[in-house]
Amino acid sequence: MNKQILIVLLLASLSSFAIAKKFKEDEKPAWAKKDIRDYTDADLERLLDQWEEDEDPLEPDELPEHLRPSEPLDVSKLDMTNPENVLKASKKGKTLMTFVTVSGNPTRAESEDITKLWQTSLWNNHIQAERYMIDDNRAIFMFKEGSQAWEAKDFLVEQERCLQVTIENKDYKGKHVKDANSDESKDEL
């Protein structure tokens, strides 16, 4: 009995290989007859389209950020007199980069230590920021939730060694930085 079932299963699996459709050489399109090394960009694009034609579309949260539908802004709830609040609301759910400059003339290692401390403080306050050093005294803080950048800015400008914070091409000076113009005017008097 077991031998008979085994033979039937074996024959069924072998027949599926024999029945499987294989294109004949003359039925294939010209681009499919080429060697894979000779494919052009157009051929690869056609192959990708053919590969993806039967797939389900991705969920909105699985799409790359630039393809995700943005949430509509409810302008009636925004305080239009404060442009920072409008920017903050428009960056909700989007990645935003902030440039932070360390005051003085720090070495790269010193700047890394200072900005690492600031990053840890932000994380402790539930503000997720990635830090990238771009110069000896300058770092990028990248926020996956862009609306958090303004809360981080409020914290950063209060720090003793923060020279300036730049968000969306707007500079915010550190509170502990002495103005060079005010020092010159005192010397003149």
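The values are calculated or read from the model by the stated rules, or taken from the named source; none is laboratory data. Owing to the predicted nature of the structure, the values given are computational and were not obtained by experimental measurement. A quick note on method: Cβ atoms are made from the backbone with ideal geometry, for glycine too, and the neighbour counts reach across all protein chains shown. For accessibility, only protein heavy atoms count, side chains too; no ligands or nucleic acids. Shrake-Rupley method; radii C 1.70, N 1.55, O 1.52, S 1.80 Å.
Of the residues examined, Lys94 is one that is under 30 Å from Lys175 (Cβ atoms) and in contact with a Gly (Cβ under 6 Å, 6 or more places away or on another chain). With respect to (1) modelled with pLDDT under 95; (2) open to solvent by 20 Å² or more (accessible area, probe 1.4 Å); (3) within 30 Å of Leu73 (Cβ to Cβ), the lone exception for Trp123 is condition (1). Each residue in the range 131-156 was checked for being open to solvent by less than 40 Å² (accessible area, probe 1.4 Å) and more than 13 Å from Phe99 (Cβ to Cβ), and 4 pass. A Cβ distance below 7 Å, combined with a sequence gap of six or more or placement on separate chains, defines the contacts here; from the range 49-61, residues that are of a type outside the set (Lys, Arg) reach residues that are loosely packed, with under 10 Cβ neighbours inside 10 Å in the pairs Pro60/Pro69. Restricting the search to helices (runs of 4 or more DSSP H) fully inside the range 75-189 and requiring at least 2 residues that are within 27 Å of the chain's Cα centre (by Cα) gives 83-90, 108-124, 149-156. Report, by residue number, each residue of the range 36-77 that is open to solvent by 90 Å² or more (accessible area, probe 1.4 Å) and of a type in the set (Ser, Thr, Tyr). Result: Ser76, single match.
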